[in-house]
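Structure, as structure tokens:
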Amino acid sequence: MSRSSTRRFDSSKSYCVQGFSGSIDAETGADFAIALDRVVRSRCDGIVLDLTAVNFFGTVGLVLLGTFVDDATRASIPVVVAGERTVSRPLEVSGLTAKVRIYETLEEAGRVLADGGTGPSTVEFAVPE
């Protein structure tokens, strides 16, 4: 379910890109939670969740993602999500798009994060120089 990304975003900051594939549901929820916990505990300046290869995003995923975004926000770590309609629609319906921005491609999500154009929730994120 979890996979590594070989793409690179050039930035002076440290960003984590965590990829997932397949279904995120009751059966895979524990693995999803462990991976999210590992990412939020890492020392990075921002997180890109690559959900572009996810083919089902269930209620368990929504709850876990909401908790993850809340934890990252408390730690002042901006999070963006890359995902297709399979992921964006449940996030829109559940209201999670008020907490995290979603982009269609990994490149777009990474670019916005690296440029400092987004942060937790819909608040602009300013990186101290």
log10 of Debye I(q)/I(0), alpha-carbon scatterers only, for the stretch 19-69 at 0.15, 0.17, 0.31 Å⁻¹: -0.37, -0.47, -1.37
Determine, for each peptide in 27-34, 104-111, 43-50, the mean count of other beta carbons within 10 angstrom over its residues, then list the peptides with the highest first. 43-50, 104-111, 27-34
In percent, what relative contact order does the stretch 16-55 have, based on Cα pairs under 8 Å that are 6 or more apart in sequence? 74 percent
Sorted by mean Cβ packing within 10 Å, highest first, what order do the peptides 74-81, 91-98 take? 74-81, 91-98
Below 8 Å between Cα atoms, with a sequence gap of 6+, how large is the relative contact order for the stretch 24-92 in percent? 44 percent
A correct Karplus calculation of ³J(HN,Hα) over the stretch 39-44, with 6.51 cos²θ - 1.76 cosθ + 1.60, θ = phi - 60°, whole Hz and x for Gly and Pro, returns 5, 5, 7, 6, 8, 9
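Since every read-out is calculated from the coordinates, none of them should be taken as a lab result. These numbers were taken from a predicted model, which means no experiment stands behind them. We place every Cβ from the backbone using ideal geometry, glycine too, and count neighbours over all the protein chains shown.
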